[in-house]
1. Could you check how many residues of the range B:303-346 are touching a strand residue (DSSP E or B) at 6+ places or on another chain (Cβ under 8 Å) and either open to solvent by 30 Å² or more (accessible area, probe 1.4 Å) or not in a strand (DSSP E or B) (or both)?
2. Scan the range B:80-106 and report the pairs whose first residue is surrounded by fewer than 21 Cβ atoms within 10 Å (Cβ to Cβ) and whose second residue is of a type in the set (A, V, I, L, M), with Cβ atoms within less than 7 Å and a gap of 6+ or a chain change.
3. Can you pull out the residues in the range B:162-174 that are loosely packed, with under 15 Cβ neighbours inside 10 Å and in contact (Cβ under 8 Å) with a residue 12 or more places away in the chain?
4. Got a sec? Which of B:V326, B:V308, B:V317 is more than 9 Å from chain A (Cβ to nearest Cβ) and modelled with pLDDT under 90?
5. So, in the range B:47-63, of the ones that are open to solvent by 40 Å² or more (accessible area, probe 1.4 Å) and in contact with a helix residue (DSSP H, G or I) (Cβ under 8 Å, 6 or more places away or on another chain), which residue ends up farthest from the other protein chains (Cβ to nearest Cβ)?
6. For the range A:35-59, name all the residues that are of a type in the set (D, E) and open to solvent by 30 Å² or more (accessible area, probe 1.4 Å).
7. Return the total of residues in the range B:347-357 being open to solvent by 10 Å² or more (accessible area, probe 1.4 Å) and either in a strand (DSSP E or B) or more than 10 Å from chain A (Cβ to nearest Cβ) (or both).
Amino acid sequence: METHELISAVQALEPAAVPREKVDRAAVVAPVERFLELMARLRDEPDLRFDMLCTHTAIDWIAEARLELVYCLYSTVHRHYLVVSASVPREAAVMPSMQALWPIAEWQEREVYDLFGVRYTGHPDLRRILLDDDWQGFPLRKDYRDDFMLEGPK
Amino acid sequence: MSAIVTTLEQRIGRGATTQEFFVNMGPQHPSTHGVLRLVLKLEGETVKDVIPVLGYVHRGVEKMGEHLSYRQFVHLTDRLDYLSALANNWAVAKAVEKAAGIETNERIETIRTLVAELQRIASHQLWWGVFGMDLGAFTPFLYGFRDRERITDILEETIGARLTMNYIQPGGVMFDLHPDFQRKVKEFIAYFRPKLEEYETLLSRNIIAQERMRGVGVLEAAQAVALGATGPVLRASGVAHDLRKSEPYGVYGKVEFDVPVGARGDCWDRYWVRIEEIRQSLRIIEQLIENIPEGKHLLVKPAVRTKVPEGITYSQVETARGVFGVLLVSDGKDVPYRIHVRTPNFNNLWAITRIAPGWRVADLVTMISSLDIVVPDIDR
């Protein structure tokens, strides 16, 4: 499917979804409230069939006090991509887990929890994955500081 | 009358029971291919559960990336999957070129394709040797390393490094090809084709190796896709997903090659797919090596600090282990606002939690090796 077709297909499933500007492929921003339902339909609709969660990560938009959660989906059936994102507040970053739809989300979400501090509801095993269990703070947040960090040249 | 000769069963005592226990495999275990730790739940020799524990070589590459220019970030990518350094370089170069609209020429793309395919062969040679050793055969290790050395020498002449190669940068490649490159690559192909047949005789057609691979660790196609597996692991399960075919980059669109696909998704299929991929890579190189187009090898100033327009770009390449993706988020400056690397090994690793339960510990070693894991790529 072409980019505009994909976006209208997503909007047919979720009217509140809006196209995300300035992405090199089809991309939408969807509301957090019905996110899991939308993702389930993106996976199962015969025209879409996004059966692979390529990657999941977050972007810390600190100036706007929000974390943008990015899901990059791919369909091995139709060979098309879709980037779906949702924004959660930085201070109360809670998101439903996609682990039931794509098992790989279990570990990709652990990584985002580890580095950004997003809490995933319905996740079976939300632990740190790359850092030590007793690590303080979430390093990929823009305001993260620790004793070992050097200040770069301004 | 009691028998004079006892059996082992009598010695142990009838009704001896086993109990579940946990064993650490790694982080310093030779067959975990680096510092990967697997916590095994065992019942006797049988694996009940595998819990991978990561992070022993986590270096915070993504955080570092937020403070480096795009060209500098290239130098970190070869520390991820060090056996696919050039493909990783390429993924960053591709992302930046796409986002900033930097042009390349035919010569650059041909050189990139050639060196990436050479390294794919070298990577599979190393995997093959180590795989043999994991099965208990020492000779493949020596053969694999002996032949890999030839490729390493060729690449060293042009690139200047043997392992952590930095060569492909946004806008071109860092140095032009060494004058001997073409001749030596042709010599290598002539040398290696018969050697590959030797590989087959030594390991592929070995009945012990076959018995240990066939039917072991089956990963179903649908499961592989849902687990985000890519590369030979996914293709062995019967899904013909290869970026070089489905979204050709470089000059892959202009060369003929096949995508080997497995039937069952067991260790044997993963083995066979990689051996076959070596043949296909040789084919690609043979088609390109005769006519490398003329032109400049670098179309930007060497140390330019490229500014990338605001937006998100996601670019992927097919490394020897699968899809390596770079998600580049720019706010218009010459350093990325955020750079995320989607590494094939991080996603492939978790297949082990699905395929290992029910098998013996020795089979677990085969399965890990058949996934061809490089740990720095997992931990980043």
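The values are calculated or read from the model by the stated rules, or taken from the named source; none is laboratory data. Keep in mind the model is a prediction, meaning the values are calculated, not measured. Using ideal geometry, Cβ is built from the backbone for each residue, glycine included, and neighbour counts are taken over all protein chains shown. All accessible areas refer to the heavy atoms of the entire protein, side chains included, with ligands and DNA or RNA removed. Shrake-Rupley method; radii C 1.70, N 1.55, O 1.52, S 1.80 Å.
1. 7
2. The qualifying pairs are B:Y82/B:L163; B:Y82/B:V374; B:A100/B:V308; B:I102/B:V96; B:I102/B:V300; B:E103/B:L299; B:N105/B:L299.
3. Taking the range B:162-174 as the starting set, the residues that turn out to be loosely packed, with under 15 Cβ neighbours inside 10 Å are B:162-164.
Once the filter is applied, which keeps residues that are loosely packed, with under 15 Cβ neighbours inside 10 Å and in contact (Cβ under 8 Å) with a residue 12 or more places away in the chain, the range B:162-174 yields B:L163, B:T164.
4. On the way: B:V326 fails: modelled with pLDDT under 90; B:V317 fails: modelled with pLDDT under 90.
Only one candidate passes the filter, namely B:V308.
5. The extreme case among them is B:D49.
6. A:E37, A:D44, A:E45, A:D47
7. Matching residues across the range B:347-357 total 1.
Every residue, every condition in (1) touching a Leu at 6+ places or on another chain (Cβ under 7 Å); (2) of a type in the set (S, T, Y), yes or no:
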{"position": "A:A93", "(1), (2)": "yes, no"}
{"position": "A:P96", "(1), (2)": "yes, no"}
{"position": "A:A105", "(1), (2)": "yes, no"}
{"position": "A:R110", "(1), (2)": "yes, no"}
{"position": "A:Y113", "(1), (2)": "yes, yes"}
{"position": "A:G117", "(1), (2)": "no, no"}
{"position": "A:G122", "(1), (2)": "no, no"}
{"position": "A:L126", "(1), (2)": "no, no"}
{"position": "A:W135", "(1), (2)": "no, no"}
